[in-house]
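Below: the structure, in structure tokens.
The values are calculated or read from the model by the stated rules, or taken from the named source; none is laboratory data. Computed from a predicted model, the values in this text were never measured in an experiment. Here the Cβ is made from the backbone with ideal geometry for all residues, glycine too, and neighbour counts use every protein chain on show. With ligands, DNA and RNA removed, areas are computed over all heavy atoms of the protein, side chains included. Shrake-Rupley method; radii C 1.70, N 1.55, O 1.52, S 1.80 Å.
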Amino acid sequence: MTKIALITGANKGIGYEIARLLAGQGVTAIVGARDEQRGRAAAERLGQPYVRLDVTDEDGVAAAAKWIEQEYGRLDILVNNAAIAGDPAQAVPSATPARALRDLYETNVFGVVTVTNAMLPLLRTSPAGRIVNMSSELGSLSMAAGADSPFAEATFLAYNSSKSALNMITVLYARELKDTPIKVNAANPGYCATDLNGHTGFRTAEQGAAIAVKLATLDEDGPTGAYLQDDGVLPW
Ligand SMILES: NC(=O)c1ccc[n+]([C@@H]2O[C@H](COP(=O)([O-])OP(=O)(O)OC[C@H]3O[C@@H](n4cnc5c(N)ncnc54)[C@H](OP(=O)(O)O)[C@@H]3O)[C@@H](O)[C@H]2O)c1
């Protein structure tokens, strides 16, 4: 049975690569994108279906879920990939206005909850549902708090805390769903050259996609409620 996947923010960057790699494994990789033109163009390049999906638009997300139900009857994989970085100049917490967090959380946090809740009924009909939340090492509280933190300079209040919230969201959904076949994990792609960071990353988007693809295709023995990157587990 062909697996059906939805990847949010799949018109470019790591999300596009996740869709491409999943499609390469025979998965039907639905390209979720808020901009119809960019989304359709990406889906056409991949030879995969497109669905309009702005994660901040609850009605639109509900319509996307309805379309997937009508078209495929279920969903096997949800990759919550869409996110924004916010203003990179806002690296001083005390100089960051609360509204910057509100704006960014709409996409990176509330958007994930909106999409997950809308897609869960479809994931529950899958024999092996998988949810992958695209987190970041910048969301790790342990790493940020360490005296020798490698991210001591990267104090992006809005972005980093949105990914910490996403980590908790991952753990709580995994706990709720622990007696179902659905696995929920957080992925750290590493620092990848994409539009998100003005292409300053030292990894490729394809390299960043690999961990998400691995978690999206975990077998029954795989983890749930975990925070993972290519070489293993990250500290929360
Ligand atoms: N790049 C890195 O170094 C890095 C490191 C750690 C974690 N991550 C995470 O990896 C994921 C992918 O990042 P990326 O680097 O590939 O970023 P990117 O190239 O900027 O792509 C982000 C994607 O999210 C979409 N998006 C933004 N807001 C949306 C909304 N409201 N609804 C639907 N789609 C929306 C964008 O669509 P538009 O084209 O319409 O804007 C785009 O497709 C993100 O969760 C990011 O936080 C990235």
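When you check residue 102 against the structure, is it basic (Lys, Arg), outside any strand (DSSP E or B) and either near the ligand (Cβ under 9 Å from one of its atoms) or open to solvent by less than 60 Å² (accessible area, probe 1.4 Å) (or both), yes or no? It would help to see each step written out before you state the result.
On the way: basic (Lys, Arg): yes; outside any strand (DSSP E or B): yes; either near the ligand (Cβ under 9 Å from one of its atoms) or open to solvent by less than 60 Å² (accessible area, probe 1.4 Å) (or both): no.
So residue 102 fails the test.
What do you reckon, is residue 170 away from the ligand (no atom under 11 Å from the Cβ) and either surrounded by fewer than 17 Cβ atoms within 10 Å (Cβ to Cβ) or farther than 26 Å from residue 92 by Cβ (or both)?
Numbers: away from the ligand (no atom under 11 Å from the Cβ): yes; either surrounded by fewer than 17 Cβ atoms within 10 Å (Cβ to Cβ) or farther than 26 Å from residue 92 by Cβ (or both): yes.
Yes: the conditions hold for residue 170.
Of all residues in region 1-35, which are modelled with pLDDT under 95 and within 10 Å of the ligand (Cβ to nearest atom)? Walk me through it before giving the result.
Residues of region 1-35 that are modelled with pLDDT under 95, as a first pass: 1.
None - no residue of region 1-35 is modelled with pLDDT under 95 and within 10 Å of the ligand (Cβ to nearest atom), so the list stays empty.
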When you scan region 207-215, do you find a residue that is in contact with a Phe, Trp or Tyr (Cβ under 9 Å, 6 or more places away or on another chain), open to solvent by less than 40 Å² (accessible area, probe 1.4 Å) and modelled with pLDDT of 95 or more, even just one? yes
Restricting to region 5-24, what's the tally of residues that are over 17 Å from residue 129 (Cβ atoms) and either of a type in the set (Gly, Ala, Ser) or without any contact (Cβ under 8 Å) to a residue 12 or more places away in the chain (or both)? 7
Go over the candidates 210, 174 one by one and state the one that is more than 23 Å from residue 14 (Cα to Cα) and either outside any loop (DSSP other than H, G, I, E, B) or touching a residue at least 12 places away in the same chain (Cβ under 8 Å) (or both). 174
Just to be sure before I move on: is residue 153 loosely packed, with under 14 Cβ neighbours inside 10 Å, of a type outside the set (A, V, I, L, M, F, W, C) and part of a loop (DSSP other than H, G, I, E, B) in the structure I sent? yes
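Looking only at region 73-94, count how many residues are within 27 Å of residue 218 (Cβ to Cβ), within 16 Å of the ligand (Cβ to nearest atom), open to solvent by 20 Å² or more (accessible area, probe 1.4 Å) and not hydrophobic (A, V, I, L, M, F, W, C).
In the first step, residues of region 73-94 are kept if they are within 27 Å of residue 218 (Cβ to Cβ); the result is 73-83.
Cutting the leftovers down to within 16 Å of the ligand (Cβ to nearest atom) gives us 77-83.
Imposing the further condition that a residue be open to solvent by 20 Å² or more (accessible area, probe 1.4 Å) reduces the set to 81-83.
Now narrow it down to the ones that are not hydrophobic (A, V, I, L, M, F, W, C): 81.
Residues meeting the conditions: 1.
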Exactly one of these conditions fails for residue 175: (1) within 16 Å of the ligand (Cβ to nearest atom); (2) among the basic types (Lys, Arg); (3) open to solvent by 30 Å² or more (accessible area, probe 1.4 Å). Give me its number. (1)
Please go through region 113-130 and give me each residue that is out of contact with any Leu (no Cβ under 6 Å at 6 or more places or on another chain) and part of a helix (DSSP H, G or I), ordered by number. 113, 114, 115, 116, 117, 118, 120, 121, 124
With the requirement that a residue be open to solvent by less than 20 Å² (accessible area, probe 1.4 Å) and among the small types (Gly, Ala, Ser), what does region 105-130 give you? 111, 126, 129
Can you say whether residue 133 is closer than 17 Å to residue 234 by Cα, open to solvent by less than 30 Å² (accessible area, probe 1.4 Å), in a helix (DSSP H, G or I) and within 14 Å of the ligand (Cβ to nearest atom), as far as the supplied structure shows? no
If the Cβ limit is 8 Å and pairs must be 6+ apart or interchain, which residue in region 219-235 that is over 15 Å from residue 133 (Cβ atoms) pairs with which residue that is open to solvent by 60 Å² or more (accessible area, probe 1.4 Å) and part of a loop (DSSP other than H, G, I, E, B)? 220/181
Can you tell me which residue is farthest from the chain's Cα centre (by Cα) among those in region 36-59 that are part of a loop (DSSP other than H, G, I, E, B) and away from the ligand (no atom under 11 Å from the Cβ)? 47
